[in-house]
Amino acid sequence: MEYHGSKTWDLLEEEQRISSPARHSCPSFHPSTDHEPRLSFSRHSVSSPGGSPWKKLHSIPRSPCPSILYLCLASLESQAGNVLSIAISRGIVYTGSESERLRVWKQPDCTDQGYIKTGHGEIRAILACGSTVFTSHKDHRVRVWSVTVTDRLRAKKLATFPQRHSFLSLQRRRRGNQLHKDCISCIACNYVEGILYTGSWDGMVKAWRLVKRECVDSFVAHEERVNAMAVNQEDGCLFTGGSDGVVKVWRRVFGDSSHALVGMMRFEGTVVNEVVVSEGSRRRWWVYAGRGDGCVSVMQKEEVGGRYRKGGVLKGHRYGVLCLGVVERLVFSGSEDTTIRVWRRDGEGGHECVAVMEGHRGPVRSLVARVEVVEEVIGVLVYSASMDRVVKVWRVKVMVREREEEEEECGVGESPVLSPLWVEKKLQRGVSY
């Protein structure tokens with residue numbers, strides 16, 4: 001494994017262990033003939049904002065429903081390929097695309113801070129923890145970065161999982177099975193145990209001990225591609241979803257590094273694209289799985305026994321659900337139908353769709369959501385990326401105290417929430433199916 005920095009580096013203590021970043025040359029400014037100034041940069045591993053192949057679009061979808069208010073703060077179009085992954089940590093937004101650049105933004109309206117030129121192809125998955133960022137690449141490896149944003153962007157590569165083979169044949173034989181045979185599609189981390197998980201299209205899941213910087217377990221998780229992973233930080237359970245239409249629950253064997261299958265839920269005739277974990281009231285845990293048939297399956301952890309059971313299905317999308325995000329009782333689902341649906345969980349475990357956010361012109365590939373403010377209303381910032389090469393920033397506010405009349409006017413309840421655009425067209429042209 002390639003390693004840069006302190007020999008005692010540890011993810012869980014990166015704030016004290018990370019050494020000063022490497023020096024980089026300064027970018028150059030070139031005036032543009034456009035009405036808006038453009039910046040361009042020579043090819044460096046780290047660049048400050050400017051030569052950005054992104055441009056702002058003017059699209060401001062607003063919520064027609066008074067019980068939940070949403071507004072599109074910004075729309076950014078990439079000219080360097082589709083955005084495949086998004087992550088947030090400490091007010092910094094990271095986006096990975098089909099290019100080899102890890103773009104860095106500042107919340108809330110995605111102020112461009114520059115990019116990190118990784119030099120290893122597309123970035124399909126990102127995991128951010130504090131100032132430490134994990135990225136997966138085309139060469140089937142994960143790279144670890146230390147990223148700081150003050151007056152300018154500073155970044156340093158700390159490690160590579162797995163490291164490239166040594167010239168010694170003994171090390172080649174010992175580490176030959178640590179490399180995935182196909183693309184790494186997802187990354188998850190057990191922060192308590194200090195274990196990083198990588199899931200791949202080869203159907204394998206590998207567990208990496210961050211302190212020792214080595215693979216401690218490798219197992220076949222699914223018959224087909226592994227598309228998503230999530231970790232319950234309370235009990236350490238690992239959830240994996242695959243193209244075989246199965247969500248599996250894994251638990252580490254006590255006193256060992258191996259993992260055992262402790263639960264499984266199969267959904268016939270579809271695939272599982274995304275899995276997220278959410279903590280509810282009274283320490284109740286929920287698991288959501290985005291499926292290829294447009295549904296979101298809900299699983300709940302039993303208070304007695306700790307097993308996970310099916311808790312219902314959320315229906316509304318016309319095509320497959322590709323990504324999910326959870327904040328408190330709100331669940332955001334992005335779909336191939338270009339919309340983002342907002343679901344709200346009540347105290348009894350029921351769910352209702354309270355909004356449909358429109359604006360993307362392609363399948364919503366990735367999204368993340370974070371709490372913005374918590375006062376009389378719950379503020380949430382949502383960052384979504386679609387296959388139209390556009391990243392949108394949404395501000396969502398849900399009124400804590402609502403009136404039943406408002407819910408009836410918005411269509412909240414047992415009836416599904418219809419797309420505002422569809423309703424408008426129906427009123428104007430009389431759409432019928």
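Brief remarks follow.
- Cut-off 20 Å, label 7 Å out along Cα→Cβ of Phe219, residues of the range 305-324 by amide N: 306-309
- Here the range 342-367 is scanned for amide nitrogen atoms under 17 Å from the site 7 Å beyond the Cα of Lys315 along Cα-to-Cβ, giving 351-354.
- Averaging the Cα positions of each part gives two centres, and for the range 99-157 and the range 317-338 these lie 24 Å apart.
- Accessible area in square angstrom per residue, the range 229-333, 1.4 angstrom probe: 43 Å²
- Per-residue Karplus couplings for the range 114-131, computed as 6.51 cos²θ - 1.76 cosθ + 1.60 with θ equal to phi - 60°, are listed in order as x, 8, 10, 7, 6, x, 9, x, 4, 10, 8, 9, 9, 9, 10, 9, x, 9 Hz, Gly and Pro entered as x.
The values are calculated or read from the model by the stated rules, or taken from the named source; none is laboratory data. The shown structure was predicted, so the numbers you read here are calculated from the model rather than taken from an experiment. Cβ sites come from the backbone with ideal geometry, for glycine too, and all protein chains shown count toward neighbours. Note: areas computed on protein heavy atoms with side chains; ligands, DNA, RNA excluded. Shrake-Rupley method; radii C 1.70, N 1.55, O 1.52, S 1.80 Å.
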